[in-house]
1. Suppose all protein chains stay in the model; what accessible area per residue would a 1.4 Å probe give for the chain, in Å²?
2. Could you report the accessible area of residue 57 in Å², rounded to 10, computed with a 1.4 Å probe on the protein chains as they sit in the structure?
3. Report the residue, chosen from 36, 45, 22, that carries the largest GNM mean-square fluctuation when the chain is represented by alpha-carbon nodes joined by springs under 10 Å.
4. Would you kindly state how much longer the chain becomes between residue 21 and residue 57 on full extension, computed as 0.36 nm times their sequence separation minus their alpha carbon distance, in nm to one decimal?
5. At q = 0.19, 0.28 Å⁻¹, what is the log10 ratio I(q)/I(0) for the chain, with the Debye formula run over Cα points and no solvent?
6. In whole Hz, with x marking every Gly and Pro, tabulate ³J(HN,Hα) for region 23-32 from phi via Karplus 6.51 cos²θ - 1.76 cosθ + 1.60, θ = phi - 60°.
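The values are calculated or read from the model by the stated rules, or taken from the named source; none is laboratory data. Everything quoted here is computed from the prediction, not taken from an experiment. In case anyone asks, the SASA skips ligands and DNA or RNA and just uses the protein heavy atoms, side chains included. Shrake-Rupley method; radii C 1.70, N 1.55, O 1.52, S 1.80 Å.
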Amino acid sequence: MASKPRMNEFTETCECCERTTPHSVSVRLRTESTKPDNAQFSREPYRVAECRVCGTVTETRMNNA
């Protein structure tokens, strides 16, 4: 019986491995402001993909407004 794919696991191209490999994908909020007064207003979502073969992590900002 084949195992079910995990909800946060996708097959993507890994630049480090130079082939298509499974990746764990999540969304994280990152604070972009270095000023403490504005930090709560400067959180942006980032897509984080980690190659399950070599461990390379790629982060992509999701909101380019």
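1. About 83 Å² of surface per residue is accessible.
2. Using a 1.4 Å probe on the heavy atoms, I get roughly 80 Å².
3. Largest GNM mean-square fluctuation: 36.
4. Once the chain is fully extended between residue 21 and residue 57, it gains 11.7 nm.
5. Reported log10 I(q)/I(0), two decimals: -0.78, -1.13.
6. In residue order, the calculated couplings are 10, 8, 10, 9, 10, 10, 8, 10, 7, 9 Hz.
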